[in-house]
Structures are given as structure tokens and as C-alpha cells.
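Down below is the structure, laid out as C-alpha cells.
The values are calculated or read from the model by the stated rules, or taken from the named source; none is laboratory data. Just so you know, these numbers come straight off a predicted model, no measurement behind them. Heads up, the Cβs are rebuilt from the backbone with ideal geometry, glycines too, and the neighbour counts pull from every protein chain shown.
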Amino acid sequence: MTSKSISFETRYNIPKPFLKWAGGKTQLLDQFAPLYPREFNAYHEPFVGSGAVYFHLRSLKMNGTLNGSMTRAYLTDCNDELVNCYRVVQNGVDELILLLTKHKRKHSPDYYYKVRSQDPTRLNDVKRAARLIYLNKTCFNGLYRVNRDGQFNVPMGRYKNPAIFDEEKMRVVSQSLQTAHINYSSFKEVLNKATSGDFVYFDPPYHPLSKTSNFTSYTENNFGEQEQRELADAFRELDRKGCRLMLSNSSVAFVWKLYEGFRRERVKATRLINSKAHKRGKISELVILNY
């Protein structure tokens, strides 16, 4: 294979997110780069989602613009399907690629809904991960949403030829996860893990911009005002411990009030998951920092 057939990112082993994720941070990375601390010990991401910030930090470390250590990274989430997927990409990428190839070959409306109807608890870890990636890349807007019973319920998207996965990029991601600790847990677990000098990035489900825009169903458990307050309490506790902290959320009065006394920056994001086209576009988001 010649170098012309390999992307710049793959040739230099630069990892990129392998999942679409509502609220994913890929489009904000250029705005985030000057906000990161340049030096830190371990890295913690309690709401890992698409992992865009983790992968970005690794790429910055590789090109020498970041002095922080990425050899000790703790990636956690309370979505057990997502955590299982990361672990399989980390430790079982060969078998995963075989199953994704099968999904790609068989993709059709009938096949999509057949896979969607499967009970993931009856599948082994690799099949669960392949199912999640397949549904994520072929469902409407890449939206991860479950009902109260924890069942994935997003309809199929209108894609002519969905790019379900890229084998080379998947292997680069797998390599980038080799030293990461990946666990299923509440964000509160970071209080037991992070120590002075560590960098913690929080990307929780955003507080809704309005009562009608509420979307917190990444798991069967919602993330409401009480959880936002508990997260702010955890942020303050970690600040007292000497951690370097960065948190993303919606730019609304409730969130501004929660983080009074800390540095607050606005970034601009394009959000596309609103069902009404005229309500999509650039919106301000908030980044909270304690440094």
C-alpha cells in the first residue's frame, strides 16, 4: 500500500472518534486547544462519549504541543454499552472488524431493525460492540437514545452508503487506547481517583436551553438539575484537591450560577439534533475552568 492511499491522520497514528455522539466535541477542538492546561499528571474523562477530547490530547502530545502525561488516562461513563464498546476496541479489535464487515455487507432497512431489536444483554461483548457501532453509524443523526427500559429506539437514518467503519482508523484508535483505564461508573468515581496535578475534563449531558429542548436520555437514567448540582459540588471538591478542571455545558443562567467564582469562557458550536431545521445553527456553549 502506498502512502498516497493512507490519510495523514492514519499515517501518523493520529486517533479520531469512531462514534457519532450527540454533543460530541470534534468541531470545538480548535477552540479548546488554547484552553487545555499544558502540563498535568494523569488525565480523567468521566463522561467519555465520543472521546474527542481524549484523542485530541493524544494528538497534541504526539506533535509536542502538550507536556501533560497521557500514559495514565481514566475514561469512564455511566453508559455500559459505550464502555463495553471502548473495551472491545481496546482489546478485541480484530474480531470486532470482522463483525462490522458483516454488518456493512448486510445493511438494509430490514437488517437495521432486526439488529436494533436484539437484546444486547444476550450478546457477547464483541457482538454488543459491533451492534452499537453499526446502529450508531446508520441511525438517524447518529443519535444515541434509549427508552425507560434502556432499549435503543432511534429510527434508521437516510444514508445511501453509510460509512460504518474504517479499518485502519479503528486500529489506530485501538492502539491509542492501550494504556487507558476504561470503566463503567458514575462521574463521582473521579473523586476517588483524581489527585493534585491531574487534569479532569467533564462533558456531562447539557442542561436544556428550554423546557422543550430537554435531552438527557443517553441511559435510562436522566441527568437533571439535581445531578447538575452534584456535578458542581464534585467540581469544587476536585478544585480543593488541586486538580486542573475543565467542564462543558450549555450557556444558561442555571449553569452560570452553579460555577460562580470560576473562569467561564464561551465557545461557538453548531448543533444539528433539533428536529426543526430553523432552530439548528451556531449556539454559545460554556466552558468552565479553574485555572
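What number of residues within the range 36-79 are over 19 Å from residue 190 (Cβ atoms) and surrounded by fewer than 16 Cβ atoms within 10 Å (Cβ to Cβ)?
Result for the range 36-79: 7.
Conditions first: (1) touching a residue at least 24 places away in the same chain (Cβ under 8 Å); (2) not assigned by TED's automatic domain parsing to the domain that holds residue 244. Residue 75 passes all but one, so which condition is the exception?
Of (1) touching a residue at least 24 places away in the same chain (Cβ under 8 Å); (2) not assigned by TED's automatic domain parsing to the domain that holds residue 244, only one is false for residue 75: (2).
Within the range 91-102, is even one residue more than 22 Å from the chain's Cα centre (by Cα), among the basic types (Lys, Arg) and farther than 20 Å from residue 21 by Cα?
Checking the range 91-102: at least one residue is more than 22 Å from the chain's Cα centre (by Cα), among the basic types (Lys, Arg) and farther than 20 Å from residue 21 by Cα.
Which one of these is touching a Lys or Arg at 6+ places or on another chain (Cβ under 9 Å), modelled with pLDDT of 95 or more and among the charged types (D, E, K, R): 87, 116?
It is 116.
Please verify whether residue 131 is basic (Lys, Arg), out of contact with any Ser or Thr (no Cβ under 7 Å at 6 or more places or on another chain) and closer than 25 Å to residue 52 by Cβ, treating the condition exactly as stated.
The answer is yes for residue 131.
Condition first: in a helix (DSSP H, G or I) and in the same structural domain as residue 268 (by TED's automatic domain parsing). Now tell me which residues in the range 11-31 satisfy that.
Listed by number, the residues that qualify are 26, 27, 28, 29, 30, 31.
What are the pairs with Cβ atoms under 7 angstrom where one residue, in the range 59-71, is assigned by TED's automatic domain parsing to the domain that holds residue 45 and at negative phi and the other, located anywhere, is charged (D, E, K, R) and in a loop (DSSP other than H, G, I, E, B)? Sequence gap at least six, or different chains.
66/38; 67/38; 67/39; 68/38; 68/39
I'd like to check something: does the range 96-117 contain any residue that is among the acidic types (Asp, Glu), over 20 Å from residue 177 (Cα atoms) and either assigned by TED's automatic domain parsing to the domain that holds residue 180 or touching a residue at least 12 places away in the same chain (Cβ under 8 Å) (or both)?
No, every residue in the range 96-117 fails to be among the acidic types (Asp, Glu), over 20 Å from residue 177 (Cα atoms) and either assigned by TED's automatic domain parsing to the domain that holds residue 180 or touching a residue at least 12 places away in the same chain (Cβ under 8 Å) (or both).
For residue 68, indicate whether it is part of a loop (DSSP other than H, G, I, E, B) and in contact with a helix residue (DSSP H, G or I) (Cβ under 8 Å, 6 or more places away or on another chain).
Here the answer is yes, as residue 68 does meet what is asked.
On the given criteria, is residue 137 surrounded by fewer than 18 Cβ atoms within 10 Å (Cβ to Cβ) and within 17 Å of residue 19 (Cα to Cα)?
The answer is no for residue 137.
Residue-wise test of (1) within 27 Å of residue 205 (Cβ to Cβ); (2) outside any helix (DSSP H, G or I); (3) among the β-branched types (Val, Ile, Thr).
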{"position": "101", "(1), (2), (3)": "no, no, yes"}
{"position": "118", "(1), (2), (3)": "yes, yes, no"}
{"position": "137", "(1), (2), (3)": "yes, no, no"}
{"position": "144", "(1), (2), (3)": "yes, yes, no"}
{"position": "165", "(1), (2), (3)": "yes, yes, no"}
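In the range 120-134, which residues are surrounded by 14 or more Cβ atoms within 10 Å (Cβ to Cβ) and either hydrophobic (A, V, I, L, M, F, W, C) or not in a helix (DSSP H, G or I) (or both)?
Once the filter is applied, which keeps residues that are surrounded by 14 or more Cβ atoms within 10 Å (Cβ to Cβ) and either hydrophobic (A, V, I, L, M, F, W, C) or not in a helix (DSSP H, G or I) (or both), the range 120-134 yields 123, 126, 129, 130, 132, 133.
May I ask you to verify whether residue 82 is surrounded by 22 or more Cβ atoms within 10 Å (Cβ to Cβ), more than 13 Å from the chain's Cα centre (by Cα), in a helix (DSSP H, G or I) and touching a residue at least 24 places away in the same chain (Cβ under 8 Å)?
no
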